[in-house]
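In what follows, a single structure is set out as structure tokens and then discussed.
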Amino acid sequence: MTGEGSCAPRRRGGPLEGVRVIDFSSVIAGPWASHILADQGADVIKIESPQGDIIRQAPPVRNAAMGPVFLSANRSKRSVVLDLKTAEGCAAALRLCASADVVLNNVRPAAMRRLGLDYAAIAQVKPDVVYVSLVGFDQAGPYAARPTYDDLIQGASGLASLFTQTGSDEPQYVPFQLVDRISGISAVNAILAALFQRERTGRGEAIEVPMFETMAELVLADHLGGEAFVPPIGPTGYQRLLTRHRRPYPTSDGYVCVLLVTEAHWARFFTLAGRAAEYAADPRLCEAPVRRLDYDNAYRAVAEVLATRPSAEWLALLEAGDIPVMRLHDVMSLIDDPHLAATGFLGTEEHPSEGTIRTMRAPQRWAATPPATHTPAPRLGEHTADVLHEAGLDDATIAAILARNAQR
Amino acid sequence: MSTPQRARGGPLDGVRVLDLSSVVAGPWATHVLAGFGADVIKVEPPDGDIMRYAPPARHRGMGAEFVQMNGSKRSVALDLKRDADRGALLALCAHADVLVHNVRPAAMRRLRLDYDDVAAANPAIVYVSIVGFDQSGPYAARPAYDDLIQGASGLASLFPAAGGGEPRYVPSLIVDRISGLSAVNAILAALVERGRSGIGQALEVPMFETMAELVLADHLGGHTFEPPAGPFGYSRVLTPYRRPYRTSDGYVCVLLYNERHWERFFTAAGRFAEYAADPKLSDDTLRRQDYDYAYGLVAEILATRTSAEWLALLETNDIPVMPLNDIPSLVDDPQLTATAFFTTTEHPTEGTLRTMRTPTRWSRSPQTTPSPAPRLGEHTADVLRAAGVDEAQIAAILARENAPPARNA
């Protein structure tokens, strides 16, 4: 902790060392954005309500409010509890924002205005702030005021309905919070582009990152299909992704993941499988333009071949033939993956209150500025006094805030 | 010698990106950078990015998906196995801020275009390798694609964990898009850092580890703790009742997340007494222990009325609800229409195209104006000339480029 009577950011190494982020966000999307920034060395101060970020409660826990989804997204941050329903809480928050390079929130914009923590208010105390609002929807449209969550955007973006084209009877969600994670990653891109611009111009910026439009762009980038042209030249949908035969392929004893992309892959696969003659005689397999018109047929042919031998045999044979192949993992086998073990991706550390916990390092490798070493996810309000003291609040005010928090 | 960057507005105005990547992950990264105003030069092999050939298309090499993610880029066709072309690339590197590739590192070494080679031409360059796997592990040399990483990261196996049946892939190139977005995270952080240090660096963005982190961030569950405090998996996300709910005439998407949502939902549905009397619904701690039960009851209730009725009723009560879209209904969605998410642009060779604007809104930096996706090698001569490559060399490169394609791409 730096301190030194000023509100200098905590320095932890990494490319974003010295960048201070005041983070009003909760649940996943916002916290995942500030998780990435913290991994890159930013000093992230997480402002929480006296009840705490609701994701703290997601089970299982060893101690209340320290659940696994919270732990993985909030390491290396400091937790400051402020009751933004009180004037003194808002005043303290504004004081912290005056030291911020970045202010992040995923509160609905009307609520930030009511609290006096919208861009206009913060730009008065910090003119070059980069102010990023993760919103559900572009604020110029009819959905602007709607609440949103991962599940709802999976449905509204068309993603859930795609499953009915690939063999499901009903639409379904992807069983991980991919909209939240993607929105968080996209928010980081906006934040960093704005910081880069600020270095050149000295100007801050207010940015909205909408979850719905972000996801709609990703889904449609794959599936606009014939509708990419006006008038349409075909139906929507990228057929290769929508064939029911694009899936982990059953083998004689399990599954393998195989993908044939180049002409060389296709030819080698059928050769290694001892079916070169059959392949060469069938233009729906061996002629790329014809094959691309009916992936259902081509992938079914691959599936039929793979069903004939055990997974281990295919893994060895295809890897030796430099054909794209991977084992199918579940979460259990993933954490025992030999590659993740060899590269130190998963490790354990002692959390001061939660005991031994498993952690993941930042996935990227940096030659000159490796990601910052991390500190444990904070207990609720763990750093309130320290951070407010650093920001120059007087002891009486800090004591009043702590006393009020304690009553909750 | 300096070559003017193409100024396009946006926060990355004046940043030049050399993009040696192909298919989706890398091109999506540079699509995002181009959306922020970067000047992206797409360096393609003489046969072109294989993604050009994914149908449908009006003309060969200009498929729908390619056109969607390569707008606002310029295409320079080079055969990097030849010295003249490699020399031309290094001339471009001298004026670039970023080089991105998703070629396997061994191949980049064979081309003598690894970080050291490029840094010799430009020490300030940010050199980004989108790789399948961390290069210090046993999978380093393996090829990687979206499908394979969906399987290897545990994502495909979450489907049977959530609802039974067989492992399956998400029918969208989700790993490629996420890897591309994550590469942009790294590129921009490195550019911010370079603003202070003045020097570039080499970065690796691995698809497998990037995806493993996301899947495990949700689903490490009880195994976050050593010894484990419970099984793997975030139960709320894995209950089979977390899905678009069937109504009497279709589906709606509803999520009851906080206490007020639960209370207001049962009130709006006229079932408040039942809710209040059942602690497995109204006590949040008990409810979290059995999401199957609580979501199951929500599903039963939603099945009793039409989608339109629920959308109106729940929206009025500020309960999170959205219509379920498919791709055609999404294209006609009133929010996307009202906010001009789609525009049509005239492509010089492909006719009228439907394009999407960058989703984020910026208070100062204007949105960049998109330009059309390039034909293969459309800008080879212009870009090389601006980089100071001599005319004889350009002529030699172009002569090869115009030769008939060597294979049936």
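Which one is nearest to A:Cys97 (Cα to Cα) among residues in the range A:14-24 that are assigned to a loop (DSSP other than H, G, I, E, B) and out of contact with any Ser or Thr (no Cβ under 7 Å at 6 or more places or on another chain)?
Here the residue is A:Phe24.
Can you tell which of A:Ala123, A:Ala111 is in a helix (DSSP H, G or I) and modelled with pLDDT under 95?
A:Ala111
Run A:Pro231 past the list (1) at the interface with another protein chain (Cβ under 7 Å from one of its Cβ atoms); (2) modelled with pLDDT of 95 or more; (3) more than 16 Å from B:Pro167 (Cβ to Cβ) and report the number of the one that doesn't hold.
The single condition A:Pro231 does not satisfy is (1).
If you take the residues in the range B:28-66 that are within 15 Å of the chain's Cα centre (by Cα), hydrophobic (A, V, I, L, M, F, W, C) and at the interface with another protein chain (Cβ under 8 Å from one of its Cβ atoms), which one is farthest from B:His101 (Cα to Cα)?
B:Phe36
Sort out which residues of the range A:257-292 are loosely packed, with under 14 Cβ neighbours inside 10 Å and in a helix (DSSP H, G or I), and write them in order of number.
A:Ala264, A:Ala277, A:Ala280, A:Ala281, A:Pro283, A:Arg284, A:Pro289
Does any residue in the range B:158-173 that is within 7 Å of chain A (Cβ to nearest Cβ) and in contact (Cβ under 8 Å) with a residue 60 or more places away in the chain come within less than 7 Å, Cβ to Cβ, of a residue that is of a type in the set (Asp, Glu) and in a helix (DSSP H, G or I) six or more places away or on a different chain, and which pairs are these?
B:Leu173/A:Asp222; B:Leu173/B:Asp146
Being within 25 Å of B:Leu286 (Cβ to Cβ) and over 25 Å from the mean Cα position of the chain (by Cα) narrows it down to one of A:Pro68, A:Pro50, A:Pro60, so name that one.
It is A:Pro50.
Just checking: which of the helices (runs of 4 or more DSSP H) contained wholly in the range B:237-299 hold 2 or more residues that are within 12 Å of another protein chain (Cβ to nearest Cβ)?
It comes to B:259-268, B:284-289.
Being out of contact with any helix residue (DSSP H, G or I) (no Cβ under 8 Å at 6 or more places or on another chain) and either surrounded by 24 or more Cβ atoms within 10 Å (Cβ to Cβ) or of a type in the set (Ser, Thr, Tyr) (or both) is the filter here, so list the residues in the range B:153-192 that pass it.
B:Ala186, B:Ala190
Applying the selection to the range A:31-70, what residues are within 13 Å of A:His374 (Cβ to Cβ), at the interface with another protein chain (Cβ under 10 Å from one of its Cβ atoms) and not charged (D, E, K, R)?
A:His35, A:Ile36, A:Leu37, A:Gln40, A:Gly41, A:Ala42, listed by residue number.
Does B:Ala124 fit the bill of being assigned by TED's automatic domain parsing to the domain that holds B:Ile187 and part of a helix (DSSP H, G or I)?
Answer is no for this residue.
Search the range A:351-373 for residues being farther than 24 Å from A:Glu17 by Cα and surrounded by fewer than 18 Cβ atoms within 10 Å (Cβ to Cβ), and hand back the single one that is farthest from the other protein chains (Cβ to nearest Cβ).
Here the residue is A:Pro352.
How many of the residues in the range B:174-198 are touching a residue at least 12 places away in the same chain (Cβ under 8 Å), more than 14 Å from A:Ser186 (Cα to Cα) and within 7 Å of chain A (Cβ to nearest Cβ)?
The qualifying residues number 2.
Do we have any residue at all in the range B:190-210 that's at pLDDT below 95, in contact with an Asp or Glu (Cβ under 8 Å, 6 or more places away or on another chain) and among the hydroxyl-bearing types (Ser, Thr, Tyr)?
No: the range B:190-210 contains no residue that is at pLDDT below 95, in contact with an Asp or Glu (Cβ under 8 Å, 6 or more places away or on another chain) and among the hydroxyl-bearing types (Ser, Thr, Tyr).
Please go through the range B:75-120 and give me each residue that is touching a helix residue (DSSP H, G or I) at 6+ places or on another chain (Cβ under 6 Å), surrounded by fewer than 22 Cβ atoms within 10 Å (Cβ to Cβ) and over 23 Å from B:Ala144 (Cβ atoms), ordered by number.
B:Asp79, B:Ala84, B:Leu90, B:Cys93, B:Ala94
Name the residues in the range A:132-182 that are assigned to a helix (DSSP H, G or I), aliphatic (A, V, I, L, M) and at the interface with another protein chain (Cβ under 7 Å from one of its Cβ atoms), would you?
If the condition is that a residue be assigned to a helix (DSSP H, G or I), aliphatic (A, V, I, L, M) and at the interface with another protein chain (Cβ under 7 Å from one of its Cβ atoms), then A:Leu152, A:Ala156, A:Leu159, A:Ala160, A:Leu162, A:Leu178, A:Ile182 are the ones that fit.
Please determine, by comparing only the residues of the range B:347-388 that are more than 12 Å from chain A (Cβ to nearest Cβ) and free of Cβ contacts under 8 Å to residues at least 24 places away in the same chain, which one is surrounded by the most Cβ atoms within 10 Å (Cβ to Cβ).
Here the residue is B:Ala381.
Given the criteria closer than 29 Å to B:Tyr291 by Cβ and of a type in the set (Gly, Ala, Ser), does B:Gly163 qualify?
So B:Gly163 passes the test.
Checking the structure you have, find out if any residue of the range B:300-309 is of a type outside the set (S, T, N, Q), at pLDDT 95 or above and in contact with an Asp or Glu (Cβ under 7 Å, 6 or more places away or on another chain).
No, the conditions are met nowhere in the range B:300-309.
Any residue in the range B:213-230 that is in a helix (DSSP H, G or I), buried (at least 21 other Cβ atoms within 10 Å of the Cβ), in contact with a Phe, Trp or Tyr (Cβ under 9 Å, 6 or more places away or on another chain) and more than 7 Å from chain A (Cβ to nearest Cβ)?
no
The values are calculated or read from the model by the stated rules, or taken from the named source; none is laboratory data. Quantities reported herein were computed from a predicted structural model and do not represent experimental measurements. Quick reminder, even Gly has a Cβ in these numbers, built from the backbone with ideal geometry, and neighbours come from all protein chains shown.
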